[in-house]
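Asks: Here you go, one structure.
The values are calculated or read from the model by the stated rules, or taken from the named source; none is laboratory data. Worth saying up front: this structure is predicted, and the values here are computed from it rather than measured. Reconstructed Cβ throughout: ideal geometry from the backbone, glycine too, with neighbour counts over all protein chains shown. These area figures cover heavy atoms from the full protein model, side chains too; ligands, DNA and RNA do not enter into them. Shrake-Rupley method; radii C 1.70, N 1.55, O 1.52, S 1.80 Å.
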Amino acid sequence: MSSNKKQAVLHIDGQAIELPILSGTLGPDVLDVRQLSAQGLLTYDPGFMSTASCASAITYIDGTQGILLHRGYPINELAQRSSFLELSYLLFHGELPTPSQYAEFMSKVQAEMLVHEQLVRFFTGFRRDAHPMAVMCGVIGGLSAFYHDMLDFAESRDREEAAVQLLAKMPTLAAMCYKYSIGQPFMYPRYELGYTENFLHMMFATPCAPYVPNPVVVRALDRILMLHADHEQNASTSTVRLAGSTGASPFACVSAGIAALWGSAHGGANEAVLNMLDDIGENSEENIQRYIERAKDKNDPFRLMGFGHRVYRNFDPRAKVMKESCDEVLDALGMANDPKLQIARRLEEVALQDPYFIERKLYPNVDFYSGLILRAIGIPTNMFTVMFALARTAGWISHWNEMAGHPHRIGRPRQLYVGPTERHYPAHTPNDQ
């Protein structure tokens, strides 16, 4: 971040206030308004749509051009050539690991995938029909009780240890949420398996039968994790940073991030795609065209889920990779003729040729395909947001580390007060005797 020596001048009541203009390496310039409070002024920006809350070197998004970079690397290159653990290392440390660094990092994560047996007992306190995200909020926050006196988060080494603990234990606890909900015994991680393979093993193996994952499925799930690993200052990431600014435990901060991600406006888009396909139901040209027309009717509340994106005003750069993985998985599992897939493909084809969608650049996004993959693998829809949280943990801990490793102030948003002015308690009230 640097000042480009340009300044904006704000004129209010004959007073001129100079505001420095800051430039990043990419993206729009930023007005530095920090001095306004000293002048008795605040800015008003609901939702922080025009406010940069921090300086970060982790992820860059250009929604107009359809660009997503992690530490400068395009997401499509990472998804094709990297792995989720390597991407996690990149996000946290800023550079790709050397072979020896990667081997050491992977070994550390694999060694910490087992959770404390007392934490396992936490699950018995939840109803079996509880939403998995509710359980995840509790058990991830509970990690704070197990690692509260061994880590000094002012030290970079201890912050990395916390990151390893979170990355390692998220798939174990996520799989336990699923097993608990269906009444099956927990499956423990196996050190000879890779990260994504271990998660699939803990999800679908039983003491009666092992689970041998299809390599195509492993690769597709690893890509899903990579494509959701970080997305700049979204609601859940900002929540993690805001909680972290108080000096809270990173386990508590990630639990807060999970709570924010759980919201229907944030993490449930791929589940909404499958629900939409269920609503459409019948795979016929007439039926699909009817739903296309409903989507174009501004008086109809129906929307094509999985099309367009609040950030990308062009094609979602993650969608092409996810579409390729979707085709590969469904072919490998013999589900190429799956009715939902046929509806999805026809919706995509019609929408990409319809002037209404073309003019508005409503292209399929990553959620349009990821839900189909997760469903094909056998992951139930109520676990979709848990999968999102598992992936996004890599970004959350990287942003927490970036903030904790630099001087920062506690987050304290201001407000535009619109309530009553000062008034006094009445002399006579119903409580008077």
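Asks: Could you tell me how far the Cα centroid of the stretch 165-206 sits from the Cα centroid of the stretch 111-141, in Å?
Replies: What the calculation gives is 12 Å, centre to centre.
Asks: Report, to two decimal places, the Cα Rg of the stretch 92-230 normalised by 2.2 N^0.38 Å (N = number of residues). The partial results should precede the final answer.
Replies: Numbers: Rg = 15.7 Å, N = 139, 2.2 N^0.38 = 14.3 Å.
Taking N as the residue count of the stretch 92-230, the ratio is 1.10.
Asks: Along the principal axes of its C-alpha atoms, what lengths does the stretch 224-326 span, in descending order and rounded to whole Å?
Replies: Principal extents (largest minus smallest coordinate, Cα): 57, 32, 24 Å.
Asks: Can you give me the relative contact order of the stretch 207-336 as a percent, contacts being Cα pairs under 8 Å and 6 or more apart?
Replies: Details: 65 pairs, mean separation 31.8, N = 130.
Value for the stretch 207-336: 24 percent.
Asks: Determine the distance separating the Cα centre of the stretch 245-272 from the Cα centre of the stretch 19-33; give it in Å without decimals.
Replies: Cα centroid of the stretch 245-272 versus Cα centroid of the stretch 19-33: 28 Å apart.
Asks: Please report the accessible area of THR196 (heavy atoms, 1.4 Å probe, ligands and nucleic acids excluded) in Å², nearest 10.
Replies: About 10 Å², rounded to the nearest 10.
Asks: Follow-up. Averaging sequence separations of C-alpha pairs under 8 Å and six or more residues apart, then dividing by the length of the chain, give the relative contact order as a whole percent. Intermediate results must be reported in sequence, preceding the final value.
Replies: On the way: 561 pairs, mean separation 84.9, N = 433.
In percent, rounded to a whole number, it is 20.
Asks: With an 8 Å cut-off on Cα pairs and a minimum separation of 6 or more residues, tell me the relative contact order of the stretch 79-188 in percent. Let's see the in-between values first.
Replies: Details: 73 pairs, mean separation 33.6, N = 110.
Result for the stretch 79-188 is 31 percent.
Asks: Given labels modelled 7 Å from the Cα in the Cβ direction, how far is it in nm from LEU333 to ALA130?
Replies: Result: 2.8 nm between the two label points.
Asks: Same structure, new question: Taking only protein heavy atoms into account and a 1.4 Å probe, give the accessible area per residue of the chain in Å². Don't jump to the answer; show the numbers that get you there.
Replies: Numbers: 22020 Å² over 433 residues.
Spelled out: the 1.4 Å probe surface of the chain, per residue, equals 51 Å².
Asks: Could you please put ARG303, ARG241 in sequence from largest to smallest accessible area, using a 1.4 Å probe? Display every interim value, and only then the final one.
Replies: Details: ARG303 115, ARG241 25 Å².
Putting ARG303, ARG241 in descending order of accessible area: ARG303, ARG241.
Asks: Heads up, I need the accessible area for ASP129: 1.4 angstrom probe, whole protein in place, Å², nearest 10.
Replies: Surface accessible to solvent at ASP129 totals approximately 110 Å².
Asks: At a 1.4 Å probe radius, carbon and sulfur cover how many percent of the accessible area of the chain? Can you show the working numbers first?
Replies: Working: 11500 of 22020 Å².
Looking at the chain in its full context, I get 52 percent from C and S.
Asks: Also, quick follow-up: Once you have the Cα-Cα distance between LEU416 and ASP29, take 0.36 nm times their residue separation minus that, and quote the gain in nm to one decimal.
Replies: 136.8 nm
Asks: Given the whole protein assembly as supplied and a 1.4 Å probe, what does the accessible area of CYS208 come to in Å², nearest 10?
Replies: 130 Å²
Asks: At 222 nm, what helix-only mean residue ellipticity would the chain give, in deg cm²/dmol to the nearest 500, using -39500 (n - 2.57) for each DSSP H run of four or more? Intermediate values should be presented prior to the final figure.
Replies: Details: 17 runs with 208 residues, N = 433.
Helix-only estimate at 222 nm: -15000 deg cm²/dmol.
Asks: Towards the positive end of the charge dipole of the chain, with charges on Cβ (+1 Lys, Arg; -1 Asp, Glu), say which of VAL135, ILE292, HIS231 has the farthest Cα.
Replies: VAL135
Asks: Springs between alpha-carbon pairs under 10 angstrom, Gaussian network model over the chain: which of THR59, THR172, THR246 fluctuates most?
Replies: Comparing THR59, THR172, THR246 in the GNM, the peak value goes to THR246.
Asks: Hey, another quick one. What order do you get for 345-352, 94-101, 417-424, 183-190 when each peptide is scored by the mean count of other beta carbon atoms within 10 Å, highest first?
Replies: On the way: 345-352: 17.5, 94-101: 11.6, 417-424: 5.2, 183-190: 15.1.
Ranking the peptides 345-352, 94-101, 417-424, 183-190 by packing returns 345-352, 183-190, 94-101, 417-424.
Asks: Would you mind estimating how fast the chain diffuses translationally, via Stokes-Einstein at 37 °C and 0.692 mPa s with the Kirkwood radius over Cα pairs, in µm²/s?
Replies: Values: Rh = 23.9 Å.
My calculation gives 138 µm²/s for D.
Asks: Here is a follow-up. Could you sort SER82, SER107 by accessible area so the largest value comes first, with the probe set to 1.4 Å?
Replies: Order by accessible area, largest first: SER107, SER82.
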